[in-house]
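Worksheet: one structure, shown below.
Nothing in this text is a laboratory measurement; each read-out follows from the coordinates by a stated rule. Fair warning: this is a prediction, and the values are worked out from it, not measured in the lab. Here Cβ is always computed from backbone atoms with ideal geometry, including for glycine, and neighbour counts include all displayed protein chains.
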């Protein structure tokens, strides 16, 4: 649904399907290495595309370790700090694995890390669900321009961008094919193309400037 | 969605499905150790109850509190209303206190509409039952319960489901809201009542009417029994209570003739032995208790969709105040 902005302004692919596959394999190995076996790892994807990435990572982890990794989704809509800057958004699913998150190593998974506000909201949401042993963050693309003191533990690709650029992650499960596109936003109004399922970090480029004034940190 | 929820007839099919889907997510939060969400922090919701109600007021209050809103309960008894204050002056008082949302229950049909369209207040108005007019959140929670039991699929409506509403249609705001909402969602609604308890103009409603419960029962996916509203019965609408119970009450024998998966619904409070026997009320097919639990989820969804975003807040003059509350 956000694709039209990419079609109107020719976007350059920065990651192709094989790259994404390689990157996820590497991240899976890094998780196993850092968690010393991934025994207590729980993967929580942030809707929409973070959930698909989390499921793919879980499959890789299972390949590597031989045991099933609990995977779920964590919707952050109700915890956003910019809810009052637009109409109420439709909610996405939150599904926490049956054994919960208490005492476990939770790895949050998202497609694009940008302002960091989505992750701030995710940390708040997680705090209402349980008390993990530790929380880590895995993202496919880190495009910079952080507005909060948040960093990723596992990064697929560091992508230096300007705030006028857009980063669009496409995944087979949602968009029919895999790829990451870097485009240029033509006008300010293009900032409002986001659909209800938008996760925030992917498309909220143009919102960033006004939202800094209107939004006090909700956390 | 509109800024207010006054009538179930104002909801489009997409609106209604969005509310049901949102309520489904809200229901998931109810299973958590911490049932609170920060979404309406800093917003004030006033429960303005001019008529007695336990379950609806508690349900709205629980929903608002789970979304972290500040709740002010106002009941007409023991307030300035009993000293003769008008609806307008009460509304102006609430506006001065900065109410972002007003949940209103009133004995007179049209009071919520008056409140929403008069320009007295800037917040959203949610109708919690007005006279014999409408009770839209009750219809939504009924539809939610039906969708869970009969369809079991999110994003879906109630297409082709056969819903029978039995009893005092004349005085029932629940029936009126349900007829509008259920037909919007694609269900076939049949009303069953003695001719004296059907309102004038019922033939223009999007539903069928029958006087014979036994004929309709066997073709119903859900049967909703309405309370006989003794407090509104100042005329003789039927000869005796026993005759009413015999012709329009649901007992175990009648329930056994319903299709196997069909459910029995009741908006409460129940008159056991009148419109429903204890045997039916306590059977697993009766969803009355489930409806109460679903009511909180539905009211959370409605409040979130009306008050969670910018639209109602930004249409006010004093946006500075709400931003301050951020």
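Is the C-alpha gyration tensor of chain B telling us rounded, prolate or oblate? Criteria: a/c under 1.5 is rounded; beyond that, a/b larger than b/c is prolate, otherwise oblate.
Judged from the Cα gyration tensor, chain B comes out prolate (a/c at least 1.5, a/b above b/c).
Hey, what angle do you get for helix B:288-307 against the long axis of chain B, alpha-carbon based, 0 to 90 degrees rounded to 10?
Between helix and principal axis, roughly 30 degrees.
Sorted by packing (mean other beta-carbon atoms within 10 Å per residue), highest first, where do A:81-90, B:84-93 land?
A:81-90, B:84-93
Which of rounded, prolate, oblate describes the protein assembly as shown, given a ≥ b ≥ c as roots of the alpha-carbon gyration tensor eigenvalues and a/c under 1.5 marking rounded, otherwise prolate only if a/b is larger than b/c?
Verdict is prolate for the protein assembly as shown.
Can you give me the C-alpha center-to-center distance between the range A:148-172 and the range B:138-155, rounded to a whole angstrom?
40
Between 0 and 90 degrees, rounded to the nearest ten: what's the tilt of helix B:173-184 against the longest Cα principal axis of chain B?
Here the helix axis deviates by roughly 90 degrees.
How many Cβ atoms of partner chains, on average, are near each residue of B:127-136 if near means within 10 Å of its Cβ?
Going residue by residue through B:127-136 and averaging, the value is 0.
Using only atoms on other chains, find how many Cβ atoms lie within 10 Å of each Cβ of peptide B:25-33 and report the average.
Across B:25-33, the average partner-chain Cβ count within 10 Å equals 4.
Using alpha-carbon positions, what is the distance between the centroids of the range B:2-56 and the range B:229-268, in Å?
Between the Cα centre of the range B:2-56 and that of the range B:229-268, the gap is 30 Å.
Over the whole of A:85-96, what's the average partner chain Cβ count within 10 Å per residue? Rounded to a whole number, please.
For peptide A:85-96, the averaged partner shielding equals 6.
Rounded, prolate or oblate for the range A:13-162? Axes are the square roots of the Cα gyration tensor eigenvalues, ordered a ≥ b ≥ c, and the cut-off for rounded is a/c under 1.5.
It comes out oblate by the Cα gyration axes.
Could you order the peptides B:158-164, A:34-40 from most to least packed, using the average number of other C-beta atoms within 10 Å per residue?
B:158-164, A:34-40
Taking only C-alpha pairs under 8 Å that are 6+ residues apart, what is the relative contact order of the range B:136-291 in percent?
Answer for the range B:136-291 is 24 percent.
Once the Cα atoms of helix B:55-66 and of chain B are each reduced to a long axis, what angle between those two axes, in degrees from 0 to 90 to the nearest 10, is obtained?
40
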